[in-house]
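Following: one structure in structure tokens, then a few remarks.
Values in this text are rule-based calculations from the coordinates and carry no lab data. Since the structure is predicted, the reported quantities are computational estimates derived from the model, not experimental observations. Because the Cβ atoms are built from the backbone with ideal geometry, glycine has one as well, and the counts that use them run over all protein chains shown.
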């Protein structure tokens, strides 16, 4: 079995999509499946991760030759807005394009049940849920970096943190306001800033944040973020799954999230704390004040780590072999 495992715009796309592709290729290596990263119909399966125009062209070519097409549904119109400059304007015309493009696939891979529900309104192609997974090996030894990264960014425990691109959709406004209200906590957002790509409101939030709120920019070793942080605060308004969330859980960090449908599988008070979906900053503030208790942090973090095991690459690997065999 040979897979054409193509990632259009690979040189430019970062964040969760890039991590998902890296996870998939690590899985393909573990399964000992032959693959090329070039788009080609000379394969048993054409698997694309972003259905841009080049991917769509090759998908049509593959189908004309009887080669099944598998497509990941990383992108939806719902999670495209409030990301970078002009994405709000592009979100509306994006949906009809994605409806057409996802319709080219013989099978669609959705990273979560929530994403699957959205995608089933886009196209009639069969869908299957396979988590993006979490690369536990990538986080190995993160604890040893605690002192280095806290000293580097002048952080003192308890540190409220987040990992990923700094974009409004992920709850930037809430994060900054929490830092303003809770000066006894240090707040740190680890991830690329890309200010030239951000709108005025996002830039103003970052530049006007209080002294106890640090935006680190790109981090050379992401393990340092999970070493320096104590409480993973993720007030995102929309998410397909959230690889950083899975990583924080794997690292045994207590989780605070907005109670939105993508996180319905998490249990409030057991492996996380949740603020109501439409709650203002007050609910997050109350939860963080509860998380000042080290014993609560320890219990939630331990339960989160146990829950994360089902998302390991080993746990999801065979789902890909089964999918490829089914479409062939």
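Relative to the longest principal axis of the Cα atoms of the chain, helix 53-64 runs at roughly 40 degrees.
Classify the range 180-247 from the C-alpha gyration tensor, please: rounded if a/c falls under 1.5, else prolate or oblate depending on whether a/b exceeds b/c. Here the range 180-247 falls in the rounded category.
The angle between the Cα long axis of helix 87-102 and the main principal axis of the chain comes to about 30°, on a 0 to 90 degree scale.
The alpha carbon centroids of the range 106-150 and the range 183-214 are separated by 25 Å.
What is the range 1-139 by shape, rounded, prolate or oblate, if you read a ≥ b ≥ c off the alpha carbon gyration tensor as root eigenvalues and call it rounded for a/c under 1.5, prolate for a/b larger than b/c, and oblate otherwise? Oblate is the answer for the range 1-139, as a/c is 1.5 or above yet b/c matches or exceeds a/b.
The angle between the Cα long axis of helix 313-327 and the longest principal axis of the Cα atoms of the chain comes to about 20 degrees, rounded to the nearest 10.
An oblate overall shape is assigned to the range 133-179, the ratio a/c of its alpha-carbon gyration tensor axes (a ≥ b ≥ c) being 1.5 or greater and a/b not exceeding b/c. Multiplying each eigenvalue of the alpha-carbon gyration tensor of the range 258-298 by 5 and taking the square root yields semi-axes of 18, 14, 5 Å, largest first, rounded to whole angstroms. Scoring 113-119, 246-252 by mean Cβ neighbours within 10 Å over their residues and listing the highest first yields 246-252, 113-119.
Applying 1/(1 + (r/R0)^6) with R0 = 51 Å to the Cβ-Cβ distance of residue 29 and residue 207 gives a FRET efficiency near 0.75. With both partners inside the chain, how many of the DSSP beta bridges are antiparallel, as a percent to the nearest 5? Looking only at bridges with both residues in the chain, the antiparallel portion is about 5 percent. Kirkwood's formula applied to the C-alpha pairs of the range 196-311 gives a hydrodynamic radius of 15.2 angstrom. Separation of the range 248-270 and the range 41-76, taken as the distance between their Cα centroids, equals 34 angstrom. Extending 7 Å from Cα along the Cβ direction at residue 290 and again at residue 194 yields two label points whose distance is 3.4 nm.
Given (i) 0.98; (ii) 0.94; (iii) 1.00, which label gives Rg/Rh (Cα atoms, Kirkwood Rh) as computed from the coordinates? Given (i) 0.98; (ii) 0.94; (iii) 1.00, the structure-derived one carries the label (i).
Suppose R0 equals 25 Å; then what is the FRET efficiency for residue 278 and residue 113 from their Cβ-Cβ distance, rounded to the nearest 0.05? It comes to 0.70. Relative contact order of the range 142-311, taken over Cα pairs closer than 8 Å and 6 or more residues apart, is 24 percent. The calculated FRET efficiency for the pair residue 1 and residue 299, based on their C-beta separation and a Förster distance of 45 Å, comes to about 0.50.
Counting only DSSP beta bridges whose two residues both lie in the range 142-311, roughly 5 percent are antiparallel.
Here the extension length gained between residue 326 and residue 309 equals 3.5 nm, from 0.36 nm per residue of separation less the Cα-Cα distance. With each label modelled as a point 7 angstrom along the Cα→C-beta vector, the residue 148-residue 221 pair spans 0.2 nm. Helical content alone sets the calculated 222 nm signal of the chain at -12000 deg cm²/dmol, taking -39,500 (n - 2.57) per DSSP H segment of four or more residues and averaging over every residue.
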